[in-house]
Every structure is written in C-alpha cells, then in structure tokens.
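Have a look at the structure below before the remarks.
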Amino acid sequence: MVHGFWLGEEFFASLTEVDAQMARAVAARGCRWCGGALHRADYQRKPRGGLLAEAGEAFTRRHSLCCAVEGCRRRTLPPSLRFLGRRVYVEAVVVLASMVVQLVSTIREACIATGVPGWTLRRWSAWWRGAFVQSPTWALLRARLSPPPPTEADLPRSLFVRLSDEVQRRRGPPAASEVCRLLAQLLAPATTSAVPDWARFLRDLFEARTID
C-alpha cells in the first residue's frame, strides 16, 4: 500500500495552509485563561521526513500563540496537520512508517523502506496500540467511524484503510496523499491540549472536507 510512496512539497504546503487557518481560528477566540488577545509567537522545528517525506523537512515553522496580557502571557498551541506532538518526524511519516512495519516481515525491512530507526518504529507501534487507543481522540474517531470501528490491534493501517474505503464509495479510488490529509485532520486533536472543545472546533473547521 505504501511501497514506493513519497509525499512531496505540494502536500506539505497544503497542510501548512490549513495549520495557518487553524492558528487564526484559535487566535480569534482569545486566551482561554483570561480572554486576552492572542498574538503569533511561532517557533522553529527541525522536522524529519525519512525516505517517505523528505519534502516535509522544509516546512519548519510550528504555529504558536501567546497571550498579550501582562501577568498572563500563557501560550496556546493550535492543532496541526504536520506535527504530532513533540515527535521529531512529521506526522505523515509516523502514520506511513507505522503502516510499513505492519506490512513487512521484519523491523529491519521497515527501517530500510522508511529511513526511520528501528527503536523509533517500535515506539510508534506501541503508541498506536497503547496511549492512542486510550485517548479522547480515538474515542471520538471510534464512534464516528463505526460500526464496526477500525480494529485497534491493526492501527494505524485499519484507520487508513477505513478512510480509503469511505472515500472510494463516495468519489472513487483516492490518492494515498488524499487519505493522509484526511487522516491528519482526524488526528488533529491529538496534536495539542490547548483547545478544550476541540471536537466542535475541528468539526466546524473541516465540515466541508472531512468524512462524516
């Protein structure tokens, strides 16, 4: 499914535009603690793309916001389609490389195919079937994509396949990059805890784009 697959500059440019849109939407709400204005206070990341998404390494700015009120000055981190928390690798690689692990016979094969170290691949695989399935993000997705929900033991591949099937039923066979983008939208709540009503926020933002 991901053999020979590569995400290019156009894909990451489109995700960057959505990240900027989400940052503006969060800023318009004001500081969640004091109600003050939120100003841009972006910071630089040094993302890795491995062999699957080298183009993603050029998009280094992580959108961030800072309260303008003296005595508060708290940071607010908008959701992102490019970065999955503090992970060094871009989110798309976390998804695709984890799928490669599921599709090949050994971790060594997965390392060669993705350019990601074996210990990192093992850690990601454990996260998908451990912390992720216990998260509020998965609880929402499980309800939204049922019945039956994607198989937890086969994440993230089961989630990727479910999205592919949904798109195919509606519009015909999708490009893998389109599925990656949809999956990034669904995973956006897992990229920050700074938007308390993230379910409604993202539903409104992606209403015209995401599978319901």
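Brief remarks follow.
- In region 124-141, the residues that are out of contact with any helix residue (DSSP H, G or I) (no Cβ under 8 Å at 6 or more places or on another chain) and surrounded by 15 or more Cβ atoms within 10 Å (Cβ to Cβ): TRP127
- The single condition among (1) modelled with pLDDT under 95; (2) assigned to a helix (DSSP H, G or I) that TRP33 does not satisfy is (2).
- Members of region 1-30 found to be under 28 Å from VAL179 (Cα atoms) and in a loop (DSSP other than H, G, I, E, B), listed by number: MET1, VAL2, HIS3, GLY4, PHE5, TRP6, LEU7, GLY8
- Residue pairs whose Cβ atoms lie under 8 Å apart, separated by 6 or more positions or on different chains, with the first residue in region 59-72 and without any contact (Cβ under 8 Å) to a residue 60 or more places away in the chain and surrounded by 13 or more Cβ atoms within 10 Å (Cβ to Cβ) and the second among the hydrophobic types (A, V, I, L, M, F, W, C) and part of a strand (DSSP E or B), are LEU65/LEU38; CYS66/LEU38; CYS67/LEU38; ALA68/LEU38.
- When THR137, THR106, THR151 are screened for being hydroxyl-bearing (Ser, Thr, Tyr) and within 28 Å of ALA13 (Cα to Cα), only THR137 passes.
- Residue count for region 118-152, restricted to those that are outside any helix (DSSP H, G or I) and under 16 Å from THR192 (Cα atoms): 2.
- Within region 65-91, tally of residues that are closer than 19 Å to LEU155 by Cβ and either of a type outside the set (Val, Ile, Thr) or at pLDDT below 95 (or both): 6
- Taken as a whole, the condition of being modelled with pLDDT under 90 and either among the small types (Gly, Ala, Ser) or surrounded by 14 or more Cβ atoms within 10 Å (Cβ to Cβ) (or both) applies to ALA175.
- Checked against (1) at pLDDT 95 or above; (2) under 18 Å from the mean Cα position of the chain (by Cα); (3) in a loop (DSSP other than H, G, I, E, B), VAL94 passes all but a single condition, namely (3).
The rows are residues; the columns are (1) crowded, with 20+ Cβ neighbours inside 10 Å; (2) in contact with a strand residue (DSSP E or B) (Cβ under 8 Å, 6 or more places away or on another chain).
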site	(1), (2)
ALA37	no, yes
LEU84	yes, no
GLU91	yes, no
ILE112	no, no
VAL116	yes, yes
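- Take the conditions (1) in a loop (DSSP other than H, G, I, E, B); (2) over 19 Å from ALA184 (Cβ atoms); (3) not β-branched (Val, Ile, Thr); HIS39 misses just one of them, which is (1).
The values are calculated or read from the model by the stated rules, or taken from the named source; none is laboratory data. Predicted model only: the values in this text are computed from it and were never measured. Glycine gets a Cβ as well: all are built from the backbone with ideal geometry, and neighbour counts include every protein chain shown.
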